[in-house]
Amino acid sequence: MFPRRTRKLAAAVVILFSVLAMSACGAQDSAGQTGTLKIAAAPDPKGDITKKVIDLAASQGIKLELVTTTNSVNDHQLLEDGDVDIDFNSHVPWFNDQVATNHFKQTFVETVFLTPTGLYSDKFDGLDQLPDGARIAISKDVPNQARSLGFLQSAGLVELTPGNDLSTVTLDDVTANPKNLQWVQVDLEATPRTLPDVDAAVILGTVATAAGLKLEDALAQEPADNPLWAIGVVARTADVDKPEYKKVFELYNSDEVKQFITETYPEGQVIPAFGAPVRVAESR
């Protein structure tokens, strides 16, 4: 038998460790309420806009942390697993595809900005210079391939099956290809790296900006008036109504962020798109 004092000390130690364990669990469970909210965002412009939001939040006593990501495929999984609290990388078609494929319990909260897609080339200065059979790099995932094809149709380079959903069309929906373009399908983030090896590449605005490409140098530009492709903020569905999350959402759509975007990107490569009405477009 242990002395009474020893038994009391042992009991006190057990209680202390129990309290510490409960406190640790509580801190982990309530990280979204009292701790730092982590926001996943790719580099410029998403990262730079998020840094502005972080500064604004800090002045209001809200702690945010930027988690820089470079693979958009993984972002929603990070959110689902609780490794981040907010994702700032998706347009609605990409979000819909990820949620439908993986059954994520997430909500697209609001749009923030648009970046026009462009057709870029290291070899040619105009569309009329593209040769017959030109090799064109294009994103291989369905949502961004759909966007690329809709853009190429608007540029007069292809025609798509009339009436199809422009958020889901693929190369199989190309009905006319006057220049006999040859397709090189690659990961979205890899499109800028293909420029030395292809005649031209369809590069989404956010990817082009991160790669240092200027929209004014593109052979053709996507019309900047389609809210379908606006980048927005996503959170776990269970969190979207929490006060601290709602405050962050408000900051992304604040006048200060709008001013930051217009002053940082005066050439129109990044355009504010607060509260954009999201719709499903149809091909002609």
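Figures for the structure shown
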{"item": "Qualifying positions in the range 91-112 - crowded, with 24+ Cβ neighbours inside 10 Å, touching a Ser or Thr at 6+ places or on another chain (Cβ under 9 Å) and not in a helix (DSSP H, G or I)", "result": "His91"}
{"item": "Selection status of Ala146, crowded, with 21+ Cβ neighbours inside 10 Å, part of a helix (DSSP H, G or I) and touching a Gly at 6+ places or on another chain (Cβ under 7 Å)", "result": "no"}
{"item": "Restricting the range 64-85 to residues that are without any contact (Cβ under 8 Å) to a residue 60 or more places away in the chain and polar (S, T, N, Q), the residue that is nearest to Leu251 (Cα to Cα)", "result": "Thr68"}
{"item": "From Thr68, Thr117, residue being within 23 Å of Tyr265 (Cβ to Cβ), modelled with pLDDT of 95 or more, surrounded by fewer than 17 Cβ atoms within 10 Å (Cβ to Cβ) and within 16 Å of the chain's Cα centre (by Cα)", "result": "Thr68"}
{"item": "Among the candidates Asp187, Asp199, Asp173, residue that is of a type in the set (Asp, Glu) and out of contact with any Lys or Arg (no Cβ under 8 Å at 6 or more places or on another chain)", "result": "Asp173"}
{"item": "Per-region count, the range 181-220, residues within 17 Å of Lys123 (Cα to Cα) and among the polar types (S, T, N, Q)", "result": "3"}
{"item": "Val174 vs. criteria among the hydrophobic types (A, V, I, L, M, F, W, C), in contact (Cβ under 8 Å) with a residue 12 or more places away in the chain and surrounded by 18 or more Cβ atoms within 10 Å (Cβ to Cβ)", "result": "yes"}
{"item": "Members of the range 155-168 found to be buried (at least 16 other Cβ atoms within 10 Å of the Cβ) and either touching an Asp or Glu at 6+ places or on another chain (Cβ under 6 Å) or within 22 Å of Asp97 (Cβ to Cβ) (or both), listed by number", "result": "Val158, Leu160, Asn164, Leu166, Ser167"}
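The values are calculated or read from the model by the stated rules, or taken from the named source; none is laboratory data. Since we're looking at a predicted model, the values are computed, not measured. Note that we place each Cβ from the backbone using ideal geometry, even for glycine, and neighbour counts take in every protein chain shown.
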